[in-house]
Amino acid sequence: MEQVFDLEPGEYLISDESDLLDFTDFGSSDTTETWKRITAAYGVSLADVGSERLVNIFAVITQRRNVH
């Protein structure tokens, strides 16, 4: 959360329903810049995940780390 959203522990709340849109500017639906940061930090893109749910993004990141 710090690398992608510049949020410190305690500054956010996530659940299994949390989505990237929950962390965009109010009224915005553009997650392009967020995906650029995710891809740069973790090598994962929207095409890899197929969803903007955080739980799905975390699962793909974890899966890739376990393969190497």
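Bear in mind these aren't lab numbers, they're just calculated from the coordinates by the rules spelled out. None of the values given here were measured: they were computed from a predicted structure.
Helix 32-42 axis versus longest C-alpha principal axis of the chain: approximately 40°, rounded to the nearest ten. Here the contact order of the range 2-67, divided by its residue count and restricted to Cα pairs under 8 Å and six or more residues apart, works out to 32 percent.
Using the empirical formula 2.2 N^0.38 Å as the baseline, the Cα radius of gyration of the chain reaches a ratio of 1.08.
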